[in-house]
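Reading through the structure tokens given below for one structure.
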Amino acid sequence: MNPLVQDGLDATRKLHLMWASQSKTSRQRLQLLRRPPPAVCSGVVQDAVCSTTQLLRAVTTGLKTAAAQHCSETAARFIESLLERLVLKIAADLTAWLQQQPVLLEQELSSSGSSAYGDLWTGCAHFILKLVDLCEECGAAARAKHATEIACALDSAGLLRSWPQLLVPGWGQQQQQQQQQQQQQQDRCWTMVMQLAHVQYQLWQLWEAVLPAAPPHLITLLLRSTHVLEHAWSSMQLLFSSSSSSSSSSSESADTAIAGRKLALLQAAALQTVLAMQRSDVRQRLSDLDNTLKHGLLASNRLARAAQAQLVASCQLMHQQLCSRQAASQHLDTSTGTGGTVHAGQPPRQQQQQQQAAGGIPAFHESLQQLLPGGSQAYVGALATAAVGGVSHSSARHICSGSSDDSDNDGGEAAAAAAAAPDGPQVQQLLPGMTPADCLQLAVELQLLAEAALQQQQQQQQQQQDQAPFKMLVMLLISSNQLLQQQLLLCAEAPELHAGLQQLLAGQDAALLLLRALAAPLQPRLCDAVQQRAGRHWSPGQQLLSALCLQKLAPAGLPAVTAAVAGLVDMCVRSPHFLAVDTLAAAKLLGRTCNPTRAPAEALTLLSDAPAASALAAAMASVVKRAAACIKAAGAAQAAAGAPPAAGTAEHAAYCFPSIVPGVQYMLASIVVSFIGFEFGEGLNADRAAQLQTCTASAAAAGQGAPATSGASSFLHCQLPQPKASLLLLAVLVARSLVVLADAMEVAAAAAGSTPAQLFARSVIMRPSFADGSCSDGAFDVTRVLVVGAASVPGQWQRWQVTALQDFAPLPALLLQLLLKRTSSSSSSAVSATADVSNSSVRQVKWGYLLQLQQNSRWTEAAANFNNKLPNVQGLVNSLAEQHLSSSSSSSSGGAHVDIDQLYADALQLCRALVAAAPLPLVCNNPGCENLEGASEAAVASKACAGCRCRYCSAACQAADWRRHRKGCKAMAAAGLACR
């Protein structure tokens, strides 16, 4: 055994003989502790104090040496010896005895020379610190046992109650002392505060680490000790306020700076420990913990103030780090002549504004700096060192998520509970001093800062994703995302909060920032790491559900916002971690993005914006592609032997996915329907037609095209080529979606050994549940598939067909008015002159080639034949829908029998003709494409057809589609058109 360790063990035996044996001398020494320490340390008291100090130093040296050996057996043997010989109890009792004279102890600790009381108190503190260090070398069970014994010994001596009070300088003085004397005493006693804060910080870190295995008794002790947060706050308030106004010496300033840092660390550690008690594995072992937290601790100001300060400070620290890195990069660019923008002669404020603009992350925390103790810069500076070790990031994520689960357990499943999970405290309990707008802004800032920091780490070749800083930032991103989801849920459910939040989101920039924050976890390089750490508690679809909450608050119809929402949907559904249960929410989000175009001007503005229409088109294609993949996966799952998954689970929704396809298709079709004013057969009302005529003229005045004629009666008669081309693009995608989903059902049914009708009926009858984006009671709701119509295979397949026909029905009228009427003569020469779009103007319009679709003879013939066969398809489909809802066994219109199977087949045939005649430039033109790689359909479809310039994701996809595409390609070339 190491000689120093042996000396330490010998010292423990001597301390036991001095203070805990049954000898007469030992009992006499114990009598000394029954009275406060005398003002002058002399005689027997001095002998006892000095001897004990020397022995404690020997024990402390032994503890330090044993910890350096990193041997669990040595650590366990040493600690057991200490506890058996009551050395910990002796040190705790002596510390409590010395603190009966706090003013005297403060004076001795602040004196420059050696002092008996001060040396003994410091010796006891160092002994406890090294004992905590040695506990770290023990196994998990032994560490939890020893941590509990330390807490019990400290509580028995009264230190858990007295130590937090001593954090405030001058606590033992009378309040009636003069302010000058008080200030002088405060300047002298920060040494004691510094040592106390450090000891308690180490203890709280130990207690947090052992919580998963801690007995209920330890948790109860810690809950009674949380007033350390209040006293640490008061001490920092005093320290930071006085240090900014006092002219103390450099050595005193250094002491106060160290004390401030240790106080900030202590507050962070205690706060993390309290929040760690929210974990379900901790709460299950203490039945009354929920009530204690919810009605006691969480409602107290001590926790709220600490949480608010930590969150604001974390934002400021991360913002400063981001700005510093940007400034360094810009300085490097300037020095190398590559065009830096920050100059040394500029004022710091201007530099900061430029850096913020470069990062694109607003500093929302600046308006909340009054929540920091004593002064923002001093408090943040005290935490700056802690941020290097991840303490600040850890505190922020614990506050956001309300939990402190170890991300290394269970493959990350324990990390960051979902926004609707009941295990964590609602953030409003922790942040009562902030408005919902404040919380929402902080969550956005923190999320964007975490994303920026992660991206910077990924750009550094030497940083690996399994390193601690990367893991901590991923967990921070997960937790800030949870805070963001909680706030959006709260605001969506509370009507009284709508006005304030709507005012906050009134500008386009605020809504775009929120959407950017929601997209942060979905970034291709981050999504895998987020899923790995969050496990089953997170899926990409949650970002869509939160975006649906945002739609209730944010302005609708803005092209930039629409493009951002579509981009979010596109990125989300293409994620390999996307769940089938969230597909309806994805389609619903897209449908609502266009459907709430409350004014016709918004519709025209949106369709006139090519980037917004492009984003919508790409997102629609991705949703359909994902739905087709889910249909095929469901067919394969039903073909496999075994019972279906448990009802109400995500797996059950995936198993029965065909049942929700009509709902998905309806949401996608509603995008086009919302623009043309159809409500499945309901024409455009007169008021809306008049509004459209007015806004068409306004758009023309803005340079979008010629104004509408006075006789225009609907959006379809507007004379702006770009909105028409955009609307045609979306209409083609709706027709294509009907084809793709029908083909997917054929493939899935074949895999399942059944017909499409049997596959659909079987899926519907199991009544699965899907997320739909609505919310109540702080959680996202689900919608359950209902059995509508006859509960037979033919009856349910008729439901599929009728729903598909309802989605199809508006398309013939739309195409007829936009395309076929262009070749007929008009009674008004003015209308005829403005109705035709010349080839030169078409070339200037995005997707203008679609306006010349009537030049494709195959398409024109197919459309004419369908219109002649079914001139009133809209009315016929409406009649079929009414009969199906009433569960009628016959399907007729006006008494005539209608073959639904044939009507459905005719509709699909016309859709196939349209898709073949109108190749697409934004998405992979192959309807059978299954490629969901990349963050966007438009980004993946990068290979152009040499003939018509339509796009494909790969040469293989182009080759597979050539047989279907070649006639349309040649027709485009013959007409001199290209997909642009």
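The values are calculated or read from the model by the stated rules, or taken from the named source; none is laboratory data. If you're wondering where the values come from, they're calculated on a predicted model, not measured in any experiment. Because the Cβ atoms are built from the backbone with ideal geometry, glycine has one as well, and the counts that use them run over all protein chains shown. What goes into the accessible areas is simple: the full protein's heavy atoms, side chains included, and nothing from ligands, DNA or RNA. Shrake-Rupley method; radii C 1.70, N 1.55, O 1.52, S 1.80 Å.
Quick rundown of the values:
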| read-out | value |
| --- | --- |
| Meets criteria (among the aliphatic types (A, V, I, L, M), more than 30 Å from PRO469 (Cα to Cα), modelled with pLDDT under 85 and open to solvent by less than 10 Å² (accessible area, probe 1.4 Å)) for LEU553 | yes |
| Flag if ALA586 is open to solvent by 10 Å² or more (accessible area, probe 1.4 Å) and either of a type outside the set (Val, Ile, Thr) or at pLDDT 95 or above (or both) | no |
| Qualifying residue in segment 592-610 (condition: open to solvent by 50 Å² or more (accessible area, probe 1.4 Å), at pLDDT below 95, under 19 Å from VAL747 (Cα atoms) and in a loop (DSSP other than H, G, I, E, B)) | no |
| Within segment 144-182, considering residues that are open to solvent by 50 Å² or more (accessible area, probe 1.4 Å) and of a type in the set (D, E, K, R), the one modelled with the lowest pLDDT | ARG161 |
| Filter result for THR74 (touching a helix residue (DSSP H, G or I) at 6+ places or on another chain (Cβ under 7 Å) and either within 13 Å of LEU120 (Cβ to Cβ) or open to solvent by 70 Å² or more (accessible area, probe 1.4 Å) (or both)) | no |
| Of residues in segment 923-963 being surrounded by fewer than 17 Cβ atoms within 10 Å (Cβ to Cβ) and in a helix (DSSP H, G or I), the one modelled with the lowest pLDDT | ALA939 |
| Candidates VAL40, VAL44, filtered to the one that is part of a loop (DSSP other than H, G, I, E, B), open to solvent by 70 Å² or more (accessible area, probe 1.4 Å) and of a type outside the set (D, E, K, R) | VAL40 |
